[in-house]
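**Q** If you scroll down you'll find the structure; I have some questions about it.
The values are calculated or read from the model by the stated rules, or taken from the named source; none is laboratory data. Note that the coordinates shown come from a computational prediction; the quantities given were computed from them, not determined experimentally. Positions of Cβ are generated from backbone atoms using ideal geometry, with glycine treated the same way; all protein chains shown enter the neighbour counts. Side chains are part of the model used for accessible areas, which takes the heavy atoms of the whole protein and leaves out ligands, DNA and RNA. Shrake-Rupley method; radii C 1.70, N 1.55, O 1.52, S 1.80 Å.
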Amino acid sequence: MGANTQFLTELNPEYLQHYNQLAAILAKPSAPDAVTKELIILAVAINQRCETCIAVHVDQYIKAGGNYEQLSDLDNIAILVDGDPGMAFAGKVLDCFDRFLKYIKKPEAFALAF
């Protein structure tokens, strides 16, 4: 948990509880499937320029069975919609994907550096 989230949780203890409840509801099997949900979340993360969100949800995307081709398409859409800032953060998504896959194969080589 990040420092800001921890601070908000201390100010309002119900905050994290409700956030986690919402996350649990979204994690349940439904339409759209888990890969599509993670692509949507990643599109928002790119638009909001949230590096932590990108790292967390690329990991979830991989665990859900997502592939590089779909992620590349998402990045193209983000660039089209968001212009140069979208390009900068879309590149972070692909970099993070590559790093997670390398970690799966060789954990000692893993390092996220934005």
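**Q** For the chain, max minus min Cα coordinate along each principal axis, in Å, sorted largest first?
**A** That gives 39, 36, 30 Å along the principal axes, largest extent first.
**Q** Can you figure out the FRET efficiency of N76 with Y15, using R₀ = 25 Å and their beta-carbon distance, to the nearest 0.05?
**A** In this case the efficiency is close to 0.10.
**Q** Using a 1.4 angstrom probe on heavy atoms only, work out the carbon and sulfur share of the accessible area of the chain in %.
**A** The value for the chain is 60 percent carbon and sulfur by accessible area.
**Q** If the elastic network links every pair of Cα atoms under 10 Å, which of A23, A90, A78 fluctuates the most in the Gaussian network model of the chain?
**A** So, out of A23, A90, A78, the one fluctuating most is A23.
**Q** Continuing with this model, one more query. Per 5 Å bin, what percent of the C-alpha pairs of the stretch 33-87 does each bin hold, from zero upward?
**A** 5, 23, 32, 26, 12, 2
**Q** Another question, then. At 1.4 Å probe size, with every protein chain present, just tell me what the per residue accessible area of the stretch 17-114 comes to in Å².
**A** 63 Å²
**Q** Let me ask something else. For the chain, what does the helix formula give at 222 nm: sum of -39500 (n - 2.57) over DSSP H segments with n ≥ 4, over the residue count, nearest 500 deg cm²/dmol?
**A** Only helices count here, giving -26500 deg cm²/dmol.
**Q** If you don't mind, another one. Determine the relative contact order of the chain: mean sequence separation of Cα pairs under 8 Å and six or more apart, normalised by residue count, in whole percent.
**A** 21 percent
**Q** Which residues does a label at C53 reach in the stretch 1-26, if reach means a backbone N under 20 Å from a point 7 Å past the Cα toward the Cβ?
**A** 1-9, 15-26
**Q** How far is it, in nm, from the label point at D95 to the one at Q6 when both lie 7 Å from their Cα along the line to the Cβ?
**A** The modelled label-to-label distance comes out at 2.6 nm.
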